[in-house]
Amino acid sequence: MCGIVGYVGARPVLSILLDGLKKLEYRGYDSAGIVVLGRDLSLFKKQGKISLLESQISHSQVDGHAGIGHTRWATHGVPNDINAHPHLDCTGKLAVVHNGIIENYMELKTALIQKGHVFKSDTDTEVIPHLIEEELLNKDDLLKAVLGSISLLRGSFALAIIHKDFPEKIVCARRESPLVLGIGNGENFLASDIPALLPYTKKIIVLDNDEVALIEKTTVSIFDVQGKRIHRSPQTVDWDARMIEKGGFEHFMLKEIHEQPNVIKDTMEGHLDLAYNKVLLPEGPEDSLLQHLEAIYITACGTAYHAGLYGKYLIEALTGVPTEVEIGSEFRYRERMFKDKSLGIVISQSGETADTLAAMRRMKAEGIPVFAITNVASSSVARESDWVFHTKAGPEVAVASTKAYTAQLLSLALFALRLKGAREGSEDLRAKALVQELQRLPILAETTFNLEGKIQAYANRLRYLTDYFMLGRGLDYVTAMEGALKLKEISYVHCEAYPAGELKHGPLALITSGKQVCLLATQRQLLPKIHSNLKEVKARGAEVLILRFSDSEEMEADETFILPATSDYLSPLLAIIPLQLFAYYMAKEKGCDIDQPRNLAKSVTVE
Ligand code: F6R
């Protein structure tokens, strides 16, 4: 959740750290801090956004060749200047930044206080500098002191540590929270996530669980928890710095919504065999496994879970293989049985979501092989799965996921077609038509943006909105759920997504005169049913927006958004775009912080 950066080298440290923190602000934005190691430690901490820290620092002259920084998403202790990281030991010589949760911090803190240590903050993190301080009483080596300290920690951490007596060195460590090292020329970096490194280097080393690294100007050395040296060569990432700029858009979210036609094209590239109308998925499970599957278990969180629901509907419709989808935090703990011949599918943009990772590890422990769909090639999900499909969404910076979602939907459509091909051959007409239609998707997605002006006007008309309903059947219900999540998380408008057939079983009680309802109507076979739902809500005075394909019959609504016609099966890839835009423009009308909505962080690496 929090973001960490570190730098050792000859460039101006403060500006490199500030720049890195800004690139990681999506990971947490309630407070931030930086410490630079020169002749002394220069410490700056500030509650609020990084821009406030930046103005606090702007007049400071700080020299140094190493430093670490942190952007916080509070877990223990309210967001304020004192609880902001870095945290120091009693001597004031040692500074630590931390992402994660130390589960046994209370017992460690009590023991440290008994030994005379003085704590200033309410954080769990602050035990770490004091523990290292204790270790340094018996060891004269920072690396060894860190190794000794982390063996006492329970929970999750990504740590970066500097000490005045060990100049031009950063020690960092990782357990369950991501940490990436950036390899430069005469300079080296560390960060929680790749975007912070992209302006400086594309050469990275991903630190694994229970590894510690010593970062100096010209060397990066990695060790296991016993202090044994590990040799690992850097890998080169295929993202570039331009991908993390706003590119003329007012917000990252709007830019990322607009990137979707290209994301669909890039994710699909090389996977359609048009000569034989089939899908190629060499990165996925082989025929022998797919042919005998009796069950598929999908797990994910949030938006990625909605993509999983799409996967279930499509896989079952096309192949009949029973498919369950379960939210990561439920899957990991629920008592249950699994079928023998099964496959797990794990979906995660970041590849680091704690509950998704835990659910995936449970699958593996149950003997279920795992196919991962992720946007980050170096992520834990990618590394721990049996097969991995990389969505080509590029870095997603806005906290609310948009382009990664469509890439996940597309990946699942490809998987469902590949599964069908493996089980039934490639002669099925429905599958062939879908492969053909997939090709047209980028252009159809582009056409959807013709609605943007209309959507903006609709949001303006509803600018005092507090409650909204999104209703749909079949795949439209999946889109309604994702659309409702977008509206809630960035505009703070309360929104209920419901399967339209459930209205009479309860929620209809809420539909009264003037209530705003969006009725999704892209599932052609279900249109007569949707007509009845329209009548039901209109009869109770609701104002209705209809979302339908251009080739379907007109419906009597207060507003209609018309999508370019495509297959019912692919509708979620198009229908979500107007709902994302609606959430965006509604949030704008309400003056919300669109890219960094309250209480949220992009990568949820704690439980
Ligand atoms: C919502 C959103 C979240 C994420 C969820 C899972 O817009 O972004 O619901 O989808 O936290 O994240 P990943 O996909 O990184 O595992």
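The values are calculated or read from the model by the stated rules, or taken from the named source; none is laboratory data. Note that the structure is a prediction, hence the values are computed from the model and not measured. Cβ atoms come from the backbone with ideal geometry, glycine included; neighbour counts cover every protein chain shown. Ligands, DNA and RNA are excluded from the accessible area calculation, which covers all protein heavy atoms including side chains. Shrake-Rupley method; radii C 1.70, N 1.55, O 1.52, S 1.80 Å.
Annotations for the structure displayed:
- Ligands, DNA and RNA left out, the accessible area of the range 2-104 computed with a 1.4 Å probe is 51% carbon and sulfur.
- The apolar share of the surface of the range 407-486, taken as the fraction of accessible area on carbon and sulfur atoms (1.4 Å probe, ligands and nucleic acids excluded), comes to 52 percent.
- When the Cα gyration tensor is reduced to axis lengths a ≥ b ≥ c, the ratio a/c is 1.5 or higher for the range 130-201, and with a/b not above b/c it is classed as oblate.
- Among the GluC sites (Glu not before Pro) in the range 338-397, those located in a DSSP loop and surrounded by at most 14 other Cβ atoms within 10 Å of their own Cβ are E366.
- Taking N as the residue count of the range 54-195, its C-alpha radius of gyration divided by 2.2 N^0.38 Å amounts to 1.03.
- In this simple spin-label approximation, D593 and E324 carry label points 7 Å from Cα along the Cα→Cβ vector, and these lie 3.9 nm apart.
- For chymotrypsin sites (Phe, Trp or Tyr not before Pro), the sites in the range 418-513 that DSSP calls loop and that have at most 11 other Cβ atoms within 10 Å are Y464.
- Gyration tensor (alpha-carbon) shape descriptor, the range 355-495, a/c threshold 1.5: oblate
- Sites I443 and S513, calculated FRET efficiency, Cβ-Cβ separation with R0 35 Å, nearest 0.05: 0.25
- Helix axis angle, 403-424 relative to the chain longest principal axis, alpha carbon, degrees: 60
- Where trypsin sites (Lys or Arg not before Pro) fall in DSSP loop in the range 194-264, at most 11 other Cβ within 10 Å: K228
- Summing Cβ point charges (Lys, Arg +1; Asp, Glu -1) relative to the Cα centre of the range 317-410 gives a dipole of roughly 120 debye.
- For the range 262-413: rounded, prolate or oblate by the Cα gyration tensor [a/c cutoff 1.5]: oblate
- Rounded to 10°, Cα long-axis angle of helix 354-365 versus longest principal axis of the chain: 80
- Helix 429-448 vs. the chain, principal-axis angle (Cα, 0 to 90°, nearest 10): 70
- Per residue, the chain exposes 38 Å² of solvent-accessible protein surface, assessed with a 1.4 angstrom probe and all protein chains in place.
- Secondary-structure-derived ellipticity at 222 nm for the chain, considering helices only, amounts to -10500 deg cm²/dmol, per-run term -39500 (n - 2.57) for DSSP H runs with n ≥ 4.
- Cubic angstrom per residue, convex hull over Cα atoms of the chain: 158
- Note on S550: accessible area is roughly 70 Å² with a 1.4 Å probe, heavy atoms of protein only.
- For the chain, the Cβ-based charge dipole about the Cα centre amounts to some 340 debye (Lys, Arg positive; Asp, Glu negative; other atoms uncharged).
- Carbon and sulfur %, accessible surface of the range 243-389 computed with the full protein complex present, 1.4 Å: 50
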